[in-house]
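The values are calculated or read from the model by the stated rules, or taken from the named source; none is laboratory data. None of the values given here were measured: they were computed from a predicted structure. Glycine also receives a Cβ, built like all others from the backbone with ideal geometry; neighbour counts cover every protein chain displayed. Areas reflect the complete protein model, heavy atoms only, side chains present, ligands, DNA and RNA absent. Shrake-Rupley method; radii C 1.70, N 1.55, O 1.52, S 1.80 Å.
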Amino acid sequence: MKWFQEELYPGFSQRIAVTDCLLERQTQFQKIQIFETPVFGKVLALDNAIQITERDNHIYHEMLVHVPMFAHGDVKDVLIVGGGDGGCLREALKHPVVSVTMVEIDSEVVELSRRFFPEVSGDAFLDDRADILIDDAYRYLAEEKRRFDLILIDSTDPVGDAARLFTEEFYQRCFLRLRGSGMIVIQGGSPPFRTESTEAGARSFMSVFGQLQDYIAPVPSYPMGMIALRGASMAGDSLSPCIATIRARVEKQAITTRYYEPGTHRAAFELLRGGRAMV
Ligand code: AG3
C-alpha cells in the first residue's frame, strides 16, 4: 500500500492511502501532487500539504466564504488571494455580487485544478463577474487602488513564500483596500495548536485589525481534521450575528450549500474564541 504522509509537527503526521498518482510536478513556486485515494477521492497537495480533496473541500470553501458573506449582508466586490482551485470563487459567485477578483500566483494550480477537479470550480471561471489575475497578491495589493467589501485569503500555510501573507505589512495592504464596512477572513492554520508561527500570525493580524474573530471548520483531510479561520470587520461588526439575522439573509438568497447553514455558522464560533488556541 502506498501512503501520502503529511507531517505537521515533528512527531505528528497524518497519512492517507493512495491508489493512484495522477500527477507530480515542480512549478516555479511549489510542488504540486494530485493523487487518487479510496477515502477522500482525488486529492491536491502543494508542498506536501493537502489543500483540497474531492470529498470534503466544500466544508472549507463554504465556511470561508459564506460566513463573512452572510455576516456582512451586502457584499458587492470580493477579492480572493490565492484560491487557484476555484472553490472560493464558486461559493462567492453564488451570492449577488458585482465582482470577484482572484489573484493567484501560480497559473499551474488554476490549470491543473480545472483539469483534475472540474467540479470544485464548476462554471465559476467562466462567470462574467469573475476576474482572474495570475499575480503575486503581495505586490498586487500595494498597487491596486480599488476597494473591496470582502477579502478572503485562501492561501497555503505560512511556510516559505506564503509566509509573507501572514505578516503585518501584508495585512496593512489588505486594510487599505477594504471599505468602511468591509470584512476579511484568512485561513488561520491547521490545526489550532499554539506554536511560534500561529502566535506570530495572531499578533500581526491583531496589530492591524484590532480583533481576532476566530472560528473552526471541520475538514477531515486537514491535520487533526480541522482548520481555524480568522476574521475581522472594519466596522467592528460581529462575523457571527444573531441566528435570526443569519437565517433571514440565508432564506432570502436561497443558495445551495452542503455544510454551511445558520446553525453551523453560529456553532463554529463557539469552538474557538478570540485567537485563543485550543491546546
Ligand atoms: N488552503 C488552506 C489549506 C491549508 C491546509 N494545511 C495543511 N494541510 N497543512 C486550501 C486551499 C483550498 N482552496
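Restricting the search to segment 141-169, which residues are open to solvent by less than 20 Å² (accessible area, probe 1.4 Å) and part of a helix (DSSP H, G or I)? Across segment 141-169, the qualifying residues are Leu141, Ala162. With respect to the conditions (1) in contact with a Ser or Thr (Cβ under 9 Å, 6 or more places away or on another chain); (2) within 11 Å of the ligand (Cβ to nearest atom), Cys88 lacks only one, and its number is (1).
Checking each residue in segment 229-253 for being within 22 Å of Tyr9 (Cα to Cα) and open to solvent by 10 Å² or more (accessible area, probe 1.4 Å) picks out only Arg230.
Listed by first and then second residue, the pairs with beta-carbon distance under 7 Å, at least 6 apart or on different chains, first residue in segment 44-65 and on the phi > 0 side of the Ramachandran plot, second in a helix (DSSP H, G or I) and more than 7 Å from the ligand (Cβ to nearest atom), are Asp47/Gly160. So which residues in segment 116-132 are open to solvent by less than 50 Å² (accessible area, probe 1.4 Å) and either touching a Ser or Thr at 6+ places or on another chain (Cβ under 9 Å) or within 15 Å of the ligand (Cβ to nearest atom) (or both)? Residues satisfying the conditions are Phe116, Phe117, Val120, Ser121, Gly122, Ala124, Phe125, Ala130. Every condition in (1) of a type in the set (Gly, Ala, Ser); (2) more than 12 Å from the ligand (Cβ to nearest atom); (3) on the phi < 0 side of the Ramachandran plot holds for Ser113 except the one numbered (2).
Of everything in segment 1-34, what is under 21 Å from the mean Cα position of the chain (by Cα) and more than 13 Å from the ligand (Cβ to nearest atom)? Give them in sequence order. The answer is Phe29, Lys31, Ile34. For segment 125-140, residues that are outside any strand (DSSP E or B) and either over 13 Å from Gly86 (Cα atoms) or of a type in the set (Asp, Glu) (or both) total 9. For segment 75-90, give me the residue count where each residue is over 13 Å from Leu150 (Cβ atoms) and part of a strand (DSSP E or B). Here the count works out to 1. Note on segment 151-169: residues that are away from the ligand (no atom under 16 Å from the Cβ) and out of contact with any helix residue (DSSP H, G or I) (no Cβ under 6 Å at 6 or more places or on another chain) total 1. Listed by position, the strands (runs of 3 or more DSSP E) enclosed by segment 173-279 include none that has at least 3 residues that are at pLDDT below 90 and within 30 Å of Val39 (Cα to Cα). Among the residues of segment 91-110, those identified as part of a loop (DSSP other than H, G, I, E, B) and more than 16 Å from the ligand (Cβ to nearest atom) are His95, Pro96, Val97, Val98.
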